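Novice: Please see the structure below; I have some questions.
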Amino acid sequence: MSYENIIFETEGPIATITINRPQSLNALNVKTIAELSEAVDQIGKDPNIRIAIITGSGEKAFVAGADIKEFSDFSSAQAQELATKGHQSMTDKIENLNKPVIAAINGFALGGGLELAMSCHIRYASDNAKLGLPEVTLGLIPGYGGTQRLPKLVGKGLANEMIFSAKMISAQRAKEIGLVNDVFIPEELLPKAKELAITISRNSPMAISKAIAAVNLSDTDAGFEKEIKSFGELFEMADKKEGVAAFIEKRKPAF
């Protein structure tokens with residue numbers, strides 16, 4: 001499948017999606033979100049892909065927000081439709097994908113860009129990255145899940161501070177508050193993300209899929225029940241049988 005605004009590459013079990021609009025700091029427009037949605041579907045359907053990485057092209061930005069010019073004259077109904085599509089086609093779809101997604105944040109991750117990163121299961125950042133939700137400076141609020149995911153990652157107080165002040169924070173500060181997992185110099189960011197991806201890809205895809213679903217419910221009343229049910233279901237699956245057999249036979253499992 002060919003794309004205009006993203007680059008889709010595979011290397012063994014790893015798929016890499018690069019948002020490729022460097023002339024606009026990789027800002028998200030409707031077409032880019034649609035292409036990203038198609039790429040995520042492609043990852044979900046391909047049994048040879050076990051994990052994905054999302055990053056931005058160039059050296060300045062992961063994604064520096066939404067393409068404001070595209071929606072500047074929208075009505076309320078059009079704006080709600082835009083936000084709904086952003087959730088359904090991008091952030092919710094990524095968060096609920098049955099394969100892990102790593103965000104490699106290589107510069108500015110602002111507005112919709114940070115919301116995209118927060119929907120990924122793991123976030124690595126370059127030490128020159130800046131993260132923030134500046135929507136209130138436009139008279140708006142985050143519309144792709146930012147008001148919901150940020151408090152879960154950093155706590156309500158810090159989320160309120162970031163959203164209300166619209167201030168950008170450094171990658172190191174993002175690591176301190178739990179918004180990103182780790183920080184690397186720019187040259188090491190993608191290699192480190194791929195190194196982690198390789199490690200994850202060697203583990204049971206069935207178990208990881210169940211873990212994603214359970215972790216996504218960790219802040220709800222259904223979370224514990226989901227864990228218990230998934231734990232039991234895995235006992236009937238091939239990966240559990242291979243994993244236990246490999247442990248007993250003192251060999252590496254072949255998932």
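Novice: Give me a count of the residues in the stretch 1-29 that are in contact with a strand residue (DSSP E or B) (Cβ under 8 Å, 6 or more places away or on another chain) and open to solvent by less than 60 Å² (accessible area, probe 1.4 Å).
Specialist: Adding up the residues that qualify gives 15.
Novice: Still on this structure: All but one of (1) within 22 Å of G243 (Cα to Cα); (2) in a helix (DSSP H, G or I) hold for N203; state the number of the condition that does not hold.
Specialist: (2)
Novice: So, L217, is that one touching a residue at least 12 places away in the same chain (Cβ under 8 Å) and open to solvent by less than 80 Å² (accessible area, probe 1.4 Å) or not?
Specialist: Considered against the rule, which asks whether it is touching a residue at least 12 places away in the same chain (Cβ under 8 Å) and open to solvent by less than 80 Å² (accessible area, probe 1.4 Å), L217 comes out as no.
Novice: Just wondering, is there one or more residues in the stretch 173-191 that are surrounded by fewer than 14 Cβ atoms within 10 Å (Cβ to Cβ), at pLDDT 95 or above and touching a helix residue (DSSP H, G or I) at 6+ places or on another chain (Cβ under 8 Å)?
Specialist: Taking every residue of the stretch 173-191 in turn, at least one turns out to be surrounded by fewer than 14 Cβ atoms within 10 Å (Cβ to Cβ), at pLDDT 95 or above and touching a helix residue (DSSP H, G or I) at 6+ places or on another chain (Cβ under 8 Å).
Novice: For the stretch 30-60, give me each residue that is crowded, with 18+ Cβ neighbours inside 10 Å and polar (S, T, N, Q).
Specialist: Matches in the stretch 30-60: T32, T55, S57.
Novice: Still on this structure, I have one more. What number of residues within the stretch 236-255 satisfy the criterion of being under 14 Å from P205 (Cα atoms) and out of contact with any Pro (no Cβ under 8 Å at 6 or more places or on another chain)?
Specialist: 6
Novice: Among the residues of the stretch 108-141, write down those that are open to solvent by 10 Å² or more (accessible area, probe 1.4 Å), touching a helix residue (DSSP H, G or I) at 6+ places or on another chain (Cβ under 8 Å) and part of a loop (DSSP other than H, G, I, E, B).
Specialist: Passing the criteria: H121, D127, N128, I141.
Novice: Of the conditions (1) open to solvent by less than 50 Å² (accessible area, probe 1.4 Å); (2) within 19 Å of F108 (Cβ to Cβ), P151 clears all except one; give me its number.
Specialist: (2)
Novice: Oh, and also: Across the stretch 162-179, what is the number of residues that are closer than 22 Å to Y124 by Cα and part of a helix (DSSP H, G or I)?
Specialist: 8
Novice: Turning to a different aspect of this structure: Scan the stretch 174-208 residue by residue and report those that are over 30 Å from E11 (Cβ atoms) and in contact with a Leu (Cβ under 8 Å, 6 or more places away or on another chain).
Specialist: Within the stretch 174-208, I177 is the sole residue that qualifies.
Novice: Among all residue pairs at least 6 apart or on different chains, which show Cβ distances below 6 Å where the first residue, located in the stretch 187-209, is closer than 19 Å to L97 by Cα and of a type outside the set (G, A, S) and the second is assigned to a helix (DSSP H, G or I) and open to solvent by less than 70 Å² (accessible area, probe 1.4 Å)?
Specialist: M206/D239
Novice: May I ask you to list pairs of residues, at least six apart or on different chains, whose Cβ atoms are under 7 Å apart, with the first in the stretch 160-181 being under 15 Å from G107 (Cα atoms) and the second being among the hydroxyl-bearing types (S, T, Y) and surrounded by 15 or more Cβ atoms within 10 Å (Cβ to Cβ)?
Specialist: Taking only residues 6 or more apart or on different chains, the pairs are A171/S126; V180/Y124.
Novice: Given the criterion among the acidic types (D, E), modelled with pLDDT of 95 or more and within 19 Å of R21 (Cα to Cα), identify the matching residue among E95, E161, E115.
Specialist: E115
The values are calculated or read from the model by the stated rules, or taken from the named source; none is laboratory data. Bear in mind the structure is a predicted one, so any value in this text is a computation, not a measurement. Cβ coordinates were reconstructed from backbone atoms using ideal geometry, including for glycine residues, and neighbour counts include every protein chain displayed. When the accessible area is computed, the model is the full protein with side chains, heavy atoms only, and any ligands, DNA or RNA have been set aside. Shrake-Rupley method; radii C 1.70, N 1.55, O 1.52, S 1.80 Å.
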